[in-house]
1. Could you list, in sequence order, all residues of the range 139-169 that are in contact (Cβ under 8 Å) with a residue 40 or more places away in the chain, open to solvent by less than 70 Å² (accessible area, probe 1.4 Å) and not in a strand (DSSP E or B)?
2. When only residues in the range 1-28 that are farther than 19 Å from E136 by Cβ and among the aromatic types (F, W, Y) count, which is surrounded by the fewest Cβ atoms within 10 Å (Cβ to Cβ)?
3. Report whether or not R185 is open to solvent by 30 Å² or more (accessible area, probe 1.4 Å), of a type in the set (K, R), under 27 Å from A69 (Cα atoms) and more than 17 Å from the chain's Cα centre (by Cα).
4. State whether one or more residues within the range 56-65 are in contact (Cβ under 8 Å) with a residue 12 or more places away in the chain, open to solvent by less than 20 Å² (accessible area, probe 1.4 Å), in a helix (DSSP H, G or I) and in contact with a helix residue (DSSP H, G or I) (Cβ under 9 Å, 6 or more places away or on another chain).
5. Could you grab me the full set of residues in the range 82-111 that are among the hydrophobic types (A, V, I, L, M, F, W, C) and open to solvent by 50 Å² or more (accessible area, probe 1.4 Å)?
6. Scan the range 12-31 and give yes if some residue there is in contact (Cβ under 8 Å) with a residue 12 or more places away in the chain, assigned to a loop (DSSP other than H, G, I, E, B), of a type outside the set (S, T, N, Q) and in contact with a helix residue (DSSP H, G or I) (Cβ under 6 Å, 6 or more places away or on another chain), otherwise no.
7. Name the single residue that is surrounded by the fewest Cβ atoms within 10 Å (Cβ to Cβ) among those in the range 112-138 being free of Cβ contacts under 8 Å to residues at least 40 places away in the same chain and in a helix (DSSP H, G or I).
Amino acid sequence: MDYLLAPERHAARGFVLRSYRTGDGAALAAALEGSYDHLRTFLPWAEPRTSERAAERRVRHFRAQWLLARDFVVAVANEADTEILGGTGFHLRGAKLEVRTAEIGMWLRPDAAHAGLGTRVLVAMLEWGFSAWPWERLSWHCSTRNLASIRVAEKAGMTREGVLRGDRIETDGERGDTMLFGALRGHWARPEPR
């Protein structure tokens, strides 16, 4: 498998997961506005200000990568698909499509975080990834300092697989550890609601 005609959209209760579209730049810039302090601790790409023009360039890059089957950056939109709440994706991280593995990453704007949305989005990504996509393994990597991200992976029913010691430079310049979680097609089960 050297190409994937990727699914474009998945509706879940309370939100939509979809590929970015040309013209989403303003919505992405709005989602990033005010998110810098929330995101900068763990996401080195976070910037204090993202212009609509820069966000549109980013959106078009995401779309191009999607169409080329090189990376699958996913917008998390509200249920009406009128506002971007954050982003996620199935990231190949250098692996070939034939391997059928991807890493899920995620960020949420501050007014959408801390209400269980992250766990619901990750569960939806796992369900979508193992049903409509060809993934056999999905992983989640996060800083061991990012307790919220660790809780999201645990609540979503992913298996803690280990820690890569000293393999990252945190945004504060310190060397840090990465916590690894994984889920396999046929072995992962949707967690029971709490």
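The values are calculated or read from the model by the stated rules, or taken from the named source; none is laboratory data. Treat the numbers as computed from the prediction; the structure is a model and nothing was measured. Heads up, the Cβs are rebuilt from the backbone with ideal geometry, glycines too, and the neighbour counts pull from every protein chain shown. Side chains are part of the model used for accessible areas, which takes the heavy atoms of the whole protein and leaves out ligands, DNA and RNA. Shrake-Rupley method; radii C 1.70, N 1.55, O 1.52, S 1.80 Å.
1. Result: N146, S149, V152.
2. Result: F15.
3. Yes; evaluated as a whole, the condition is true for this residue.
4. We begin by selecting, within the range 56-65, every residue in contact (Cβ under 8 Å) with a residue 12 or more places away in the chain; these are 56-60, 62-63.
Pick out the ones that are also open to solvent by less than 20 Å² (accessible area, probe 1.4 Å) and you get 59.
Checking the rest, the ones that are also in a helix (DSSP H, G or I) come to 59.
Those left that are additionally in contact with a helix residue (DSSP H, G or I) (Cβ under 9 Å, 6 or more places away or on another chain): 59.
Within the range 56-65, one or more residues are in contact (Cβ under 8 Å) with a residue 12 or more places away in the chain, open to solvent by less than 20 Å² (accessible area, probe 1.4 Å), in a helix (DSSP H, G or I) and in contact with a helix residue (DSSP H, G or I) (Cβ under 9 Å, 6 or more places away or on another chain).
5. The answer is V99, and nothing else.
6. yes
7. S131
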